[in-house]
Amino acid sequence: IHPYDLVLDSTGATLFISNWASESVSVIDTASRKVKATIRVGHNPNDMVLARDGRLYVACSNENSVYVIDTRRLRPIEVISTAMYKMAPVGSTPNALALDPTGKMLFVANADNNNVAVINVAEREISNVVGFIPSAWYPASPAISPDGKSLYVGSAKGLGGYANIM
């Protein structure tokens, strides 16, 4: 229900679709146009990024988490917390992802925390949060320069915080 993001594998043979309203990622065989698998993930899966080693990172905005899917075995292998501290209530709202060119660092826009989580993903199933980069209001669309030296972050709501006037 409610497809959100699409990611093709490097061969173009498999399409991954995050399903916002059904807590899943659909895996489509592009030749047959049939669903190969449906993988359960967290609440409100949205942005995804596929690493060269076959790990698919899925941001789940109604949790403080990113699910890591092994695309060969078609199952989650890790859940990474993007919260600023252990046992934080839901509300970080991870909504966008970027992976550095080496595939070792994952950047997660935490929209409601106004920061970008920096996560070391160099070792499979042993990811750890290195820190947080403050950002403007409601960060979205992180992008990394091809040389891996610069991180750009879009601000979905502007440069400051303002009251919602009704």
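The values are calculated or read from the model by the stated rules, or taken from the named source; none is laboratory data. This is a predicted model, so every value here is computed, not measured. Cβ sites come from the backbone with ideal geometry, for glycine too, and all protein chains shown count toward neighbours. Quick note on the areas: whole protein, heavy atoms, side chains included, nothing else; ligands and nucleic acids left out. Shrake-Rupley method; radii C 1.70, N 1.55, O 1.52, S 1.80 Å.
Would you look at the GNM of the chain, springs on alpha carbons closer than 10 Å, and say which of Arg124, Arg72, Arg40 moves the most?
Arg72
Over what distance in Å are the Cα centres of the range 82-110 and the range 1-20 separated?
20
Take the chain, mark every one of the GluC sites (Glu not before Pro) that falls in a DSSP loop and has at most 14 other Cβ within 10 Å, then report the longest stretch left between them, sites excluded.
Answer - 1-122.
What does the accessible area per residue of the range 1-70 come to in Å², with a 1.4 Å probe and no ligands, DNA or RNA counted?
Dividing the accessible area of the range 1-70 by its residue count gives 46 Å².
As I understand it, the dipole of the chain uses +1 on the Cβ of Lys and Arg and -1 on the Cβ of Asp and Glu, about the Cα centre. Which of Gly42, Asn110, Ile77 lies farthest toward its positive end?
Farthest towards the positive end: Ile77.
Looking at the chain as a GNM with Cα springs under 10 Å, which of Thr93, Thr11, Thr82 has the largest mean-square fluctuation?
For the chain, modelled as a Gaussian network with Cα springs under 10 Å, the answer is Thr11.
Gly148: net charge of surrounding residues, Cβ under 13 Å, Lys/Arg +1, Asp/Glu -1, itself excluded?
0
Taking the chain as a Gaussian network, Cα atoms linked when under 10 Å apart, which of Asp112, Asp70, Asp147 shows the biggest mean-square fluctuation?
For the chain, modelled as a Gaussian network with Cα springs under 10 Å, the answer is Asp147.
Can you pull the percent of the chain's accessible area that's carbon plus sulfur, 1.4 Å probe, other chains left in place?
The computed percentage sits at 54.
Enumerate by residue number the chymotrypsin sites (Phe, Trp or Tyr not before Pro) in the range 32-136 meeting two conditions: DSSP loop (anything except H, G, I, E, B), and at most 11 other Cβ atoms within 10 Å of the site's Cβ.
Tyr85
Once the Cβ-Cβ distance between Glu123 and Leu8 is put in as r, and R0 is 35 Å, what FRET efficiency do you end up with, to the nearest 0.05?
The calculated FRET efficiency here is 0.85.
Take the alpha carbon gyration tensor of the range 73-166, find the square roots of its eigenvalues, order them as a ≥ b ≥ c, and report rounded if a/c is under 1.5; if not, report prolate when a/b exceeds b/c, else oblate.
oblate
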